[in-house]
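Colleague: Take a look at the following structure, please.
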Amino acid sequence: MLVLVVLAAVAAVVLVVRDTRGPGSTPAAAPTSASAAAATTSPPAPTAPASTAPPPAPPPAPATPTFDRAGQSIDDPNSTWVVVNKARPLAPIDHAPADLVTIAGGYQLRAEAARAMTDMLAAAAAEGLGITVQSAYRSYDYQVGLFGNQVARFGQTQAEVQVARPGFSEHQTGLAADVGGGGCDIESCFATTVEGQWVAANGPRFGYVVRYPDGRQDVTGFKYEPWHVRYVGVALATELQRTGVPTLEEFFGLPPAPGYTS
Ligand SMILES: [Zn+2]
């Protein structure tokens, strides 16, 4: 009997506390104002200007207002956030991802990046845009051959502008791909095609960003490459788009990497 009385008393106190903490003191302003608006008989809320022209679609707002920039490693070559540039080679330098899968065209990407790429290309195709992968994972050994070839043809200086040294290429992470379409494959004209502009605008929805944007060679070490996309996951890609920070280096506060340090 005593227990019941105590329980009843506790319940009463809880009810009173919840009551007094009601609308006035909770931080949940939105429901309060919404219910207040609903309670009144005022005309349509000013927050829904349905009569005006539809606004230009902004980048999707992130689910969380604060983004944890330390959420994943930028050093671990297995991390989808790994930052590889001319000052940050893969470690170990001949790293090879363990979860490569083959995608359309016979190219390889890490499983997560491959799924996202397949989804992205399917979404583009649904809008009538033919975008194809032209290059994806490149092993350390492959890059050795590719780089050596470029050096032989153009000399060391020019080769280093065009192709990353072995161990310094994002393609070795299995998270980067070169895409083409609109009659322009792996060339700067891709930026002017509907396909290229679609990739830049919609890539983040699938976790892809244009890794070497225009005007950032001093930061990334590479000229504008509208065709080179890098998978970083949807959360980071949309955060980069939302904030307008153009490079991973700037987002993570890393020093610019315009060239090799040795
Ligand atoms: Zn590339």
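Colleague: Per residue, how large is the accessible surface of region 200-249? Use a 1.4 angstrom probe and give square angstrom.
Modeller: Solvent-accessible surface per residue comes out at 34 Å².
Colleague: With every protein chain present, what accessible area does His228 have (1.4 Å probe, heavy atoms only), rounded to the nearest 10 Å²?
Modeller: Probe radius 1.4 Å; accessible area of His228 about 10 Å².
Colleague: Starting from one equal scatterer on each C-alpha and no solvent at all, send me the Debye-based log10 I(q)/I(0) for region 100-251 at q = 0.11, 0.20 Å⁻¹, two decimals.
Modeller: The calculated log intensity ratios at q = 0.11, 0.20 Å⁻¹ are -0.40, -1.35.
Colleague: Could you give each residue of region 222-237 its phi-based ³J(HN,Hα) in whole Hz, using Karplus coefficients 6.51, -1.76, 1.60 with θ = phi - 60°, and x for Gly or Pro?
Modeller: Per residue, the Karplus-derived 3J(HN,Hα) values read 10, 4, 3, 10, x, 8, 8, 10, 10, 7, 10, x, 5, 4, 6, 4 Hz.
Colleague: Classify region 101-187 as rounded, prolate or oblate from the Cα gyration tensor: take a ≥ b ≥ c as the square roots of its eigenvalues, call it rounded if a/c is under 1.5, otherwise prolate when a/b beats b/c and oblate if not. Intermediate results must be reported in sequence, preceding the final value.
Modeller: On the way: a/c = 3.16, a/b = 1.70, b/c = 1.86.
Note, shape of region 101-187 comes out oblate.
Colleague: Turning to a different aspect of this structure: Quick check: at a probe of 1.4 Å, how many percent of the accessible area of region 100-251 sits on carbon and sulfur atoms?
Modeller: Carbon and sulfur together cover 50 percent of it.
Colleague: A further question follows. Using a 1.4 angstrom probe on the protein heavy atoms only, could you order Cys184, Cys189 from most to least accessible area?
Modeller: Numbers: Cys184 5, Cys189 55 Å².
Largest accessible area first, the list is Cys189, Cys184.
Colleague: Still on this structure: Pop out the Kirkwood hydrodynamic radius of region 202-262 from its pairwise C-alpha distances, inverse of mean 1/r, in Å to one decimal.
Modeller: Result for region 202-262, one decimal place: 11.7 Å.
The values are calculated or read from the model by the stated rules, or taken from the named source; none is laboratory data. Remember, it's a predicted structure, so these values are computed and weren't measured experimentally. Side chains are part of the model used for accessible areas, which takes the heavy atoms of the whole protein and leaves out ligands, DNA and RNA. Shrake-Rupley method; radii C 1.70, N 1.55, O 1.52, S 1.80 Å.
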